[in-house]
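J.: Shown below is the structure under consideration.
What follows is calculated from the coordinates using simple rules that are stated; it is not laboratory data. What you are looking at is a predicted structure, and each value in this text was computed from that prediction instead of being measured. Note: ideal-geometry Cβ built from the backbone for every residue, glycine included; neighbour counts use all protein chains shown.
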Ligand code: UDP
């Protein structure tokens, strides 16, 4: 059996990856410091004899006993509110955390895939974004701590590949959604659904003309699975090119939830990208991958997940976070 270490295992993406690799017959070692992750996302795995959990912060030296075939580095805060709350940890996990895991991969002769992001393109001047585009990032803006950490992560990962001959993979993840997103992470989908379920108006930042392209989590996981097994060391965009304005997205959520509430407008946060859409030609050609789940299907599954959460969870959202966030505009 192959052994795989997944960092950020208790997070949204990490937990889905644990499920997938266990299903594929791997031994899975999950690691998380639980700053933004939640053990609830993986509690169903604790009875699985092929799953082990390490409560550890990857910015500290990482040790795991035994052989490792693969590492997936998915530990990182990933929403704008989180970077504002924990900017230093965000920088450290992308920089020192990645360095530690590359060192571990080297010593174990393991192949490593690191989770990068469409944020490396910043507020893009090229649309849709291809992997060749170098981006338009403000290093000292509120998103700089995440964007620059991820850009450094890509740089050091390529350096380990070219200098040490390490087998590395880099995925650039575009907006992804699905069950197990945190209701209070400030991202637009849990924000809108949470507001609809609490009977509040839906807060659109700016005039809502900014665009995003939302990928359902199962499609993303399939892309990661294929990229890890491929022999391609350069960055690959994985995302759903179906682009939509935030205003249209709000209207879709109103329809989906049947709420009587309306859209209200709040200031646009600083450096909020005006448009984002992946060019997925590389993923199609190299991995034979493209998304299969359309937004209507994916949103229905995700809404059902939020509907079935214990009612009190809905009210554990720290509203002050949203105010802090929008005041930065
Ligand atoms: N957004 C919004 N209302 C909210 C939360 C977010 O209008 O309550 C907007 C946000 O300004 C951005 C888009 O939705 O333009 C996506 O935001 P998210 O935080 O989900 O991800 P990212 O900006 O990193 O793509």
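J.: Please determine, in degrees from 0 to 90 and to the nearest 10, the orientation of helix 144-164 with respect to the longest principal axis defined by the Cα atoms of the chain, where the helix direction is its Cα long axis.
T.: With rounding to tens, the tilt is 20 degrees.
J.: Then there is this: Output the Kirkwood hydrodynamic radius of the chain, Cα pairs only, in Å rounded to one decimal.
T.: Details: mean 1/r = 0.0499 Å⁻¹.
Final number for the Kirkwood radius of the chain is 20.0 Å.
J.: How far is the Cα center of region 68-98 from the Cα center of region 189-258, in Å?
T.: First find each Cα centre; the distance between them is then 20 Å.
J.: Stick to Cα atoms and the Kirkwood definition of Rh, then tell me Rg/Rh for region 1-135.
T.: 0.99
J.: For the chain, what is the calculated [θ] at 222 nm in deg cm²/dmol (nearest 500), taking -39500 (n - 2.57) for each run of four or more DSSP H residues and dividing by its residue count? Numbers along the way, then the final one.
T.: Details: 11 runs with 121 residues, N = 329.
The per-residue figure over the chain is -11000 deg cm²/dmol.
J.: According to the Cα gyration tensor, what semi-axes, each the square root of 5 times an eigenvalue, does the equivalent ellipsoid of region 192-286 have, listed from largest to smallest in whole Å?
T.: Working: eigenvalues 207, 50, 20 Å².
Gyration-tensor ellipsoid for region 192-286: 32, 16, 10 Å.
J.: Turning to a different aspect of this structure: Hey, can you rank 302-314, 34-46 by average C-beta count inside 10 Å, highest first?
T.: Details: 302-314: 13.2, 34-46: 17.1.
Result, highest mean Cβ count within 10 Å first: 34-46, 302-314.
J.: Determine the gain in length on full extension of the stretch residue 158-residue 46; use 0.36 nm per residue of separation and subtract their C-alpha separation, reporting nm with one decimal. Display every interim value, and only then the final one.
T.: Working: separation 112, 0.36 × 112 = 40.32 nm, distance 3.47 nm.
Gain in length upon complete extension: 36.9 nm.
J.: Something else about it: So how long is each side of region 118-200 along the principal axes, counting just the alpha-carbon atoms, biggest first, in Å?
T.: Taking max minus min along each principal axis of the Cα atoms, region 118-200 gives 55, 28, 25 Å.
J.: Determine, from the Cβ-Cβ distance of residue 198 and residue 296 and an R0 of 22 Å, the FRET efficiency 1/(1 + (r/R0)^6), rounded to the nearest 0.05. Don't jump to the answer; show the numbers that get you there.
T.: Values: r = 23 Å, r/R0 = 1.06.
The formula returns an efficiency of 0.40 here.
J.: Could you work out how far helix 98-108 tilts from the main Cα principal axis of the chain, as a 0 to 90 degree angle to the nearest 10?
T.: Approximately 30 degrees, to the nearest ten.
J.: For the Cα atoms of the chain, what angle does the longest principal axis make with the long axis of helix 12-23, in degrees from 0 to 90, nearest 10?
T.: For helix 12-23, the angle is close to 50 degrees.
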